Amino acid sequence: MQELLQRLVDSAALPLLKPWMDPIHAFLNGLPPWSWRLAVCAYLAIGGLWAAFLKREAVFRGAPSQARWRDLRLWLPLILLPYLLLYLLL
Amino acid sequence: METTGSNLIFLDALVIFFYLGATLALGAYFSRYVKSSGDFLLAGKSLPFWAIGMSIVVSDIGAIDMVSGAGAAYRFGLAQANFDWLGSMPALVFVAFVFVPFYWRSGVYTLPEFLGRRYGRGVRGFQTIIWTGFMLSMLAVMLWTSAVFLGTVLGWPRQTAIWLTVAVVGVYTFAGGLTAVVMTDVIQMVIMFVGAGALLGLSLWKVGSVSALVHTISSRGPEYANYFRLLLPNDAPTPYPWSGILFGLGVVLSTAYFSSNQAVIQRVFGARSEWDAKASVLLAALFKLFIPVLIMGPGLAAAALYPHLKDPDSAVPTLVRDLLPPGLTGLVFAAFFAALMSSVDSYLNSSTTMLITDAYRPAYGALAGRPPSDRHCLFLGRGLTLGLIVLAGAAAPFVDRFTTIYVAIQTLFSLFQGPTLAVLLLGVLWPRANHAGGFAGLLVGVLCAGLLNLTGKKLFPSEEPFLFVAFWSFLVSLGTVAAVSWLTPPPPESSLRGLVWRFVARDAEAQALLREQLEK
């Protein structure tokens, strides 16, 4: 049953999808290593830092006090930096 | 010194039994705080951020990771660490500041409940079936992993190992609900870190140093050229090329996992304030930094010490058997139990919550014309906890029939994670998304993922194409939700209040309305 389904899908879907996928992967295969590293580090940086621009009210909502350490925006560099270093160095 | 008849000496056995006894005692202690179904399922919304943060990490890292994660590191090298680094940090920050405030303010118990309020019953039912089935399968796999580990190293019969785990986890989850689960997770994380740290330290000591480890493995030949690289070429013979890691894992799978896995986010629902809920997720992002070092480090050390293991998954059991002195073996075993139990208890408590909230309550309401009483739900919650763990224990031996169960689980996960994320994301951010769009997006996305799983090996540059399947099914699902929603009437604005970013962030009236609904 699974074999039949596999053959059916291969004959119907592969000719449709392969012409779309192959150029994408040929392009990705040709990218130099520094560009992947840059893309990943940019994703990490954007993923970690956008929240630093949130309003104070949104960050402190529900906090029992307004103590400085409870400002979650200040936690972000502490969390982000080790990850960035790992992806820059390894 | 006296032996227990296996590789474990008396001192080790003492450490393990002390640990198991303490866990049970802690569960019994927290049972005194369980007075209602809200206490049992959501810890009465009383949990502090540090406990939830530790619980999220330790629930996420289970015994499967301790064995198979190290095994995958043994086989594929450092790239395995992406699952805890790139596959965690951005997603957790996003979840902390986008999804958590939503879940928190909408006052829901489960993700299907949230999606049900946002989209309607069809989407809720679809999600309940998918997640309950998935979590029950995972429970059986976890119990089987325990049986294999204990059977390999100690020579225990597998049935004994399964039912011992069932008894201990079942009893404290039955008694103390989510509070017991989270508080035992805190202890379990400490034990897991100490035990895994000890194993890492000893194995590195045996190798010599980190640079000796790198030198030993790298000098084996060109096939090890990428072994210590996090990002691998797109055409490298690995399941983890950089494009799959960035787009499939970083963008889709990790965001979907942390924003929609009931076992992870249920802790967030139990936080004592919205700030605690957000802080807990950020704290988990910080703890995740150490996981690859503790889990995969021993796998890499085993690759240096035992280069010819037939089964990579035996890397950690082999290190435990050969390197650890008396007493420390018990500690590492306790760490293994900690990792196992913290995942089993989480999945157990979450499956129970989902079945009660998304299946039983709506069905009872439809048949009886009124909601079930709280006492009724608490009684049912405890009954289901016992029933499900016994069911998973009975099903565990069947896992042995599947030789590639871990890959099967990953593939199963990739079938619905992309579509779930697409529906959730548009539901939260786009007021125009409607019931028809949500249901069609889920259905088409799951079908697309199934199709891509069948053709993936010929379509993508990977033998295990689940990362690419997740990414493309996410995009297809996103497009389907958007297209169908545009072609069908928009949802009334009154039904979106409190459930869409624009209305939740600024609408105090909606909050009052939701609170009122919940109180009713």
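How big is segment B:258-390 by the Kirkwood estimate over distinct Cα pairs, in Å? Show your work: numbers first, answer last.
On the way: mean 1/r = 0.0539 Å⁻¹.
Its Kirkwood hydrodynamic radius stands at 18.5 Å.
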Exercise. Quick one: with all protein chains in place, what share of the accessible area of segment B:185-270 is carbon or sulfur, to the nearest percent (1.4 Å probe)?
Worked result: 68
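Counting only other chains, what is the mean number of Cβ atoms within 10 angstrom of the Cβ of each residue in peptide B:451-461? Intermediate values should be presented prior to the final figure.
Values: counts 5, 4, 1, 9, 10, 0, 0, 7, 8, 3, 4.
Per residue, the average neighbour count from other chains is 5.
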Exercise. What residues of segment B:84-104 lie in the reach of a label at A:ALA45, counting those whose backbone N is under 18 Å from a point 7 Å from the Cα along Cα→Cβ?
Worked result: B:86, B:89-91
For this session: State the answer as a single residue: which of B:ALA368, B:GLY383, B:ILE129 lies farthest towards the positive end of the charge dipole of the protein assembly as shown, with beta carbon charges of +1 for Lys and Arg and -1 for Asp and Glu, about the Cα centre.
Result: B:ALA368
For this session: Give the residue from B:GLY327, B:LEU47, A:LEU88 lying farthest towards the positive end of the charge dipole for the protein assembly as shown; charges sit on Cβ (+1 for Lys and Arg, -1 for Asp and Glu) and the dipole is referred to the Cα centre.
Result: B:LEU47
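Where in chain A are the helices, taken as whole DSSP H runs, whose Cα atoms extend 15 angstrom or more along the long axis and whose Kyte-Doolittle mean reaches at least 1.6? Walk me through the intermediate numbers first.
Values: long enough: A:2-30 (36 Å, 0.20); A:33-49 (24 Å, 1.01); A:72-89 (27 Å, 1.95).
The qualifying helices are A:72-89.
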Seminar exercise, completed: Using a 1.4 Å probe on heavy atoms of the protein chains only, the accessible area for B:VAL210 in Å², nearest 10, reads 90
Exercise. Label-point separation (nm) for A:ALA67 and B:TRP501, each offset 7 Å from Cα along Cα-to-Cβ?
Worked result: 3.2
Exercise. Could you give the semi-axes, largest first, of the ellipsoid that matches segment B:192-263, computed as the square roots of 5 times the alpha carbon gyration tensor eigenvalues and rounded to whole Å?
Worked result: 29, 23, 7
Exercise. Each label point is 7 Å from the Cα along the Cα-to-Cβ direction; what then is the distance between the points at B:TRP486 and B:GLU223, in nm?
Worked result: 5.0
Seminar exercise, completed: At R0 = 45 Å the Cβ-Cβ FRET efficiency linking B:LYS206 and B:LEU386, nearest 0.05, sits at 0.55
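Based on DSSP H runs of at least 4 residues, each adding -39500 (n - 2.57), what is the mean residue ellipticity at 222 nm of chain B after dividing by all its residues, to the nearest 500 deg cm²/dmol? Spell out each step's value before the answer.
Values: 23 runs with 361 residues, N = 520.
Value at 222 nm, helices only, nearest 500: -23000 deg cm²/dmol.
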For this session: Enter the accessible area per residue of the protein assembly as shown (Å², integer; probe 1.4 Å; all protein chains in place).
Result: 40
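Counting partner chain Cβ atoms within 10 Å of every residue's Cβ in B:237-243, what's the average? Let's see the in-between values first.
Details: counts 0, 0, 0, 0, 4, 8, 8.
Taking the mean over all residues of the peptide, I get 3.
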For this session: Go ahead and run the numbers for FRET between A:ILE24 and B:SER494, Cβ-Cβ distance against an R0 of 51 Å, rounding to 0.05.
Result: 0.75
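Just how large is the dipole of the protein assembly as shown about the Cα centre, in debye to the nearest 20, putting +1 at every Lys and Arg Cβ and -1 at every Asp and Glu Cβ? Spell out each step's value before the answer.
Working: 41 positive and 31 negative charges, 265 e Å.
Magnitude of the dipole: close to 1280 debye.
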Exercise. Once phi is turned into ³J(HN,Hα) by the Karplus curve 6.51 cos²θ - 1.76 cosθ + 1.60 with θ = phi - 60°, what whole-Hz value does each residue of segment B:472-484 show in order, with x for glycine and proline?
Worked result: 6, 5, 5, 5, 5, 5, 4, x, 5, 4, 5, 5, 5
Problem set entry | Rounded tilt (10° steps) of B:158-207 against the dominant C-alpha axis of chain B | 40
For this session: Mind pulling the angle between the C-alpha long axis of helix B:10-30 and the longest principal axis of chain B? Nearest 10 degrees, somewhere in 0 to 90.
Result: 10
For this session: Could you size up the charge dipole of segment B:10-403 around its Cα centre, putting +1 on the beta carbon of Lys and Arg and -1 on that of Asp and Glu, and report it in debye to the nearest 20?
Result: 840
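So if R0 is 22 Å, what FRET efficiency would B:PHE10 and B:ALA167 give, r being the distance between their Cβ atoms, rounded to the nearest 0.05? Provide the component values of the computation, followed by the final result.
Details: r = 22 Å, r/R0 = 1.01.
Plugging the Cβ-Cβ distance into 1/(1 + (r/R0)^6) gives 0.50.
Seen from all sides and averaged, what is the projected area of the convex hull of the Cα atoms in chain A, in nm²?
On the way: hull surface 45.2 nm².
If you wrap the Cα atoms of chain A in a convex hull and average its projections, you get 11.3 nm².
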Problem set entry | Solvent exposure ordering (accessible area, 1.4 Å, most first) of B:TRP275, B:TRP501 | B:TRP501, B:TRP275
For this session: May I ask you to evaluate 6.51 cos²θ - 1.76 cosθ + 1.60, the Karplus curve with θ = phi - 60°, for each residue of segment B:65-82 and list the ³J(HN,Hα) values in order in whole Hz, giving x for glycine and proline?
Result: 5, 4, 8, 6, x, 5, x, 5, 5, 4, 7, 9, x, 5, 4, 4, 5, 4
For this session: Sticking with the crude label model, points 7 Å out along Cα→Cβ, report the distance from B:VAL190 to B:GLU463 in nm, one decimal please.
Result: 4.3
Seminar exercise, completed: Between chains B and A, total accessible area buried, probe 1.4 Å, no ligands or nucleic acids, nearest 100 Å², roughly 4300
Exercise. Got a sec? Charge dipole of segment B:271-406, +1 on Cβ for Lys and Arg, -1 for Asp and Glu; which of B:GLY299, B:VAL316, B:ALA338 is way out at the positive end?
Worked result: B:ALA338
Problem set entry | Equivalent ellipsoid semi-axes - Cα gyration tensor, the protein assembly as shown, angstrom | 35, 31, 24
Problem set entry | Whole-number Å³ per residue for the convex hull built on Cα positions in segment B:10-403 | 133
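Give the shape of segment B:338-483 as rounded, prolate or oblate, defined through the alpha-carbon gyration tensor: a ≥ b ≥ c are the square roots of its eigenvalues, a/c under 1.5 means rounded, and otherwise the shape is prolate if a/b is larger than b/c and oblate if not. Let's see the in-between values first.
On the way: a/c = 2.73, a/b = 1.24, b/c = 2.20.
Verdict is oblate for segment B:338-483.
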Exercise. Accessible surface of A:LYS55 in the full protein assembly, 1.4 angstrom probe, to the nearest 10 Å²?
Worked result: 150
Seminar exercise, completed: Log entry: pair-distance distribution for segment B:223-311, C-alpha pairs binned every 5 Å from zero, whole % per bin is 3, 11, 13, 17, 18, 14, 11, 8, 4, 2, 0
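Specify the longest stretch of chain B that does not include any exposed loop site, a site being one of the GluC sites (Glu not before Pro) with a non-H, G, I, E, B DSSP assignment and at most 11 other Cβ atoms within 10 Å. Write down the numbers at each step before the final one.
Working: sites that count: B:GLU2, B:GLU463.
Of all site-free stretches, the longest is B:3-462.
The values are calculated or read from the model by the stated rules, or taken from the named source; none is laboratory data. What you are looking at is a predicted structure, and each value in this text was computed from that prediction instead of being measured. Note that we place each Cβ from the backbone using ideal geometry, even for glycine, and neighbour counts take in every protein chain shown. Accessible surface areas use protein heavy atoms only, side chains included; no ligands, DNA or RNA. Shrake-Rupley method; radii C 1.70, N 1.55, O 1.52, S 1.80 Å.
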